[in-house]
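Right, one structure below, let's go through it.
Derivation of every value follows stated rules applied to the coordinates shown; laboratory data play no part. From a predicted model like this one, the values you see are computed outputs, not experimental measurements. Cβ coordinates were reconstructed from backbone atoms using ideal geometry, including for glycine residues, and neighbour counts include every protein chain displayed.
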């Protein structure tokens, strides 16, 4: 049972998934910083100033419903989805270019090489 688990855990797809989860977590922090520190201040600064707020999360309705956090989550999702779209589009474009390259012709077998040499000798009239 232990060996089966080891075989399962060390399969390429499981390792790829683990790496993807770790990179996804790190990527999530980057996106959160991008939203909180770059996009929100640039895009929403006029709206926040008009509402006399400093953070998007402070937007409330009836003093209790914090829809600003929801807007931040939606904005975060849109940015993540767009970045992932660009990544997938780039990968698909790279794969398409690889597929368009013609595969090199395989080397002829020894029999075909020998027959080609015989044909060439017969054409040149030098066959003995």
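A few comments on the model shown:
- For the chain, the 222 nm mean residue ellipticity estimated from helices alone, with every DSSP H stretch of n ≥ 4 adding -39500 (n - 2.57) and the total spread over all residues, rounds to -24000 deg cm²/dmol.
- The eigenvalues of the Cα gyration tensor, multiplied by 5 and square-rooted, give the chain an equivalent ellipsoid with semi-axes of 63, 24, 9 Å from largest to smallest.
- Placing a label point 7 Å from the Cα of residue 87 along the Cα-to-Cβ line, the residues of the range 1-37 whose backbone N sits under 14 Å from it are 16-32.
- Nearest 10 degrees, 0 to 90: helix 12-33 Cα axis against the chain principal axis: 40 degrees
- Here the simple spin-label model places points 7 Å from the Cα toward Cβ, and for residue 58 and residue 32 these points are separated by 2.1 nm.
- Normalised by the number of residues in the range 2-124, the average gap of Cα pairs under 8 Å and 6 or more apart makes the relative contact order 14 percent.
- For the range 1-54, the direction-averaged projected area of the alpha-carbon convex hull comes to 5.5 nm².
- Put simply, when 99-112, 15-28, 61-74 are sorted by average Cβ atoms within 10 angstrom per residue, most first, you get 61-74, 15-28, 99-112.
- Gaussian network model of the chain, Cα within-10 Å springs - most flexible of 44, 84, 114: 114
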